[in-house]
Amino acid sequence: MNKSVLIIKGFSKTEEELFTDRKIIQLYIDFFTSNAGGCFDLDTEFFIYEDPELEILQKLEFLNKNDYLIVILVGHGATKDGVQIFQLNEETIIHPGQLQFDCKRQLHIIESCRNIFSSTIEIDRLNHFIPKYKYGGIIKEKTLTREESLQIFNDALRDSSEGVIYLFACSVDEKAIDYFFLRELITRSVHIHEYFSGGAYGISNIFEHTKEKVMELSKKRQNPVKIGFGNFPFVITIT
């Protein structure tokens, strides 16, 4: 299966935001390159852009050949006339829906509309998840090899229904608080990887659990949204 991860970091207003945004991007990279997240190859299957110009995005048609594409937007967002907008760079604002591709299976994760917080504290809390799955998870008997994990992911992807899914960290007119959405998405995924068995688990179930936890943590001030159809594999178990 031909698959890629496209990550776009939007405009960072301060050095602190830049530091935090890059750390968030690294967390996504660590997850998707791990056995847990689909064994994506960092050198050939990742395309990462910081504060890109529109001309750069207009040259991404080569991604249309993929069987599966994950698109991640990290940066400042808001709503205008009820529609999500994203600050691409200091001078350019786009609608995430403007990033249109012809791939039959697409997962878009919009990590925006966020509050400012102490990045050092939050990043330390996030980083404790990484060592557990960076090299395939905690050690158990008969754990899946990287090759086996990749095969399971590709088989599940091939068997999945075609569609396009958008995951928004929060609803219209809300703010994403302290990266609750990312933290819970990764926390749930790592838990499944380490303690479940049976192969591939789809994004729909993981999103619903993530949504419930984010609503609980934010006292319903933040309500993640899923739009579209499909249930692509997102996590591979360790056994």
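The angle between the Cα long axis of helix 180-195 and the main principal axis of the chain comes to about 0°, on a 0 to 90 degree scale. Rounded to the nearest 10 degrees, the angle from helix 15-33 to the longest Cα principal axis of the chain is 30 degrees. Per-residue ellipticity at 222 nm, computed for the chain from helices alone with -39500 (n - 2.57) per DSSP H run of at least four residues, works out to -10500 deg cm²/dmol. Taking packing as the residue-averaged number of other Cβ atoms within 10 angstrom, the listed peptides 40-47, 23-30 run from highest to lowest as 23-30, 40-47.
In terms of packing, defined here as the mean over residues of other Cβ atoms within 10 angstrom, the peptides 71-80, 177-186, 190-199 line up highest first as 177-186, 71-80, 190-199. Computed from the Cβ-Cβ distance with R0 of 22 Å, the FRET efficiency linking Thr79 to Lys219 stands at 0.60. If the chain linking Phe47 and Asn64 were pulled fully straight, counting 0.36 nm for each residue of separation and taking away their Cα-Cα distance, it would gain 4.8 nm.
Which of the lysines could a cross-linker span from Lys142 if the Cα-Cα distance has to be under 28 Å and same-chain partners fewer than 8 positions apart are dropped? Reachable lysines: Lys3, Lys132, Lys134. The portion of the accessible surface of the chain made up by carbon and sulfur, rounded to a whole percent, is 50 (1.4 Å probe; DNA, RNA and ligands excluded).
If you run the Gaussian network model on the chain, springs between alpha carbon atoms under 10 Å, then out of Phe86, Phe62, Phe32 the most flexible one is Phe62. Between amide H atoms placed 1.01 Å from N, distances below 5 Å from Ile72 occur with Leu6, Ile7, Ile8, Ile109, all of them 5 or more places distant or on a separate chain. In a DSSP loop and with at most 12 other Cβ atoms within 10 Å, the trypsin sites (Lys or Arg not before Pro) in the range 194-231 are Lys219, Lys220. Using a probe of 1.4 angstrom and keeping all protein chains present, the accessible surface of the chain works out to 47 square angstrom per residue. Between the Cα long axis of helix 146-159 and the first principal axis of the chain there is an angle of about 70°, rounded to the nearest 10. The antiparallel fraction among DSSP beta bridges confined to the chain stands at about 35%. Treating r as the C-beta distance of Glu90 and Thr14 and R0 as 22 Å, the FRET efficiency rounds to 0.95.
The values are calculated or read from the model by the stated rules, or taken from the named source; none is laboratory data. Fair warning: this is a prediction, and the values are worked out from it, not measured in the lab. With ideal geometry, Cβ positions are generated from the backbone for all residues, glycine too; neighbour counts draw on all protein chains shown. The area values use the complete protein model at the heavy-atom level, side chains included, leaving out ligands, DNA and RNA. Shrake-Rupley method; radii C 1.70, N 1.55, O 1.52, S 1.80 Å.
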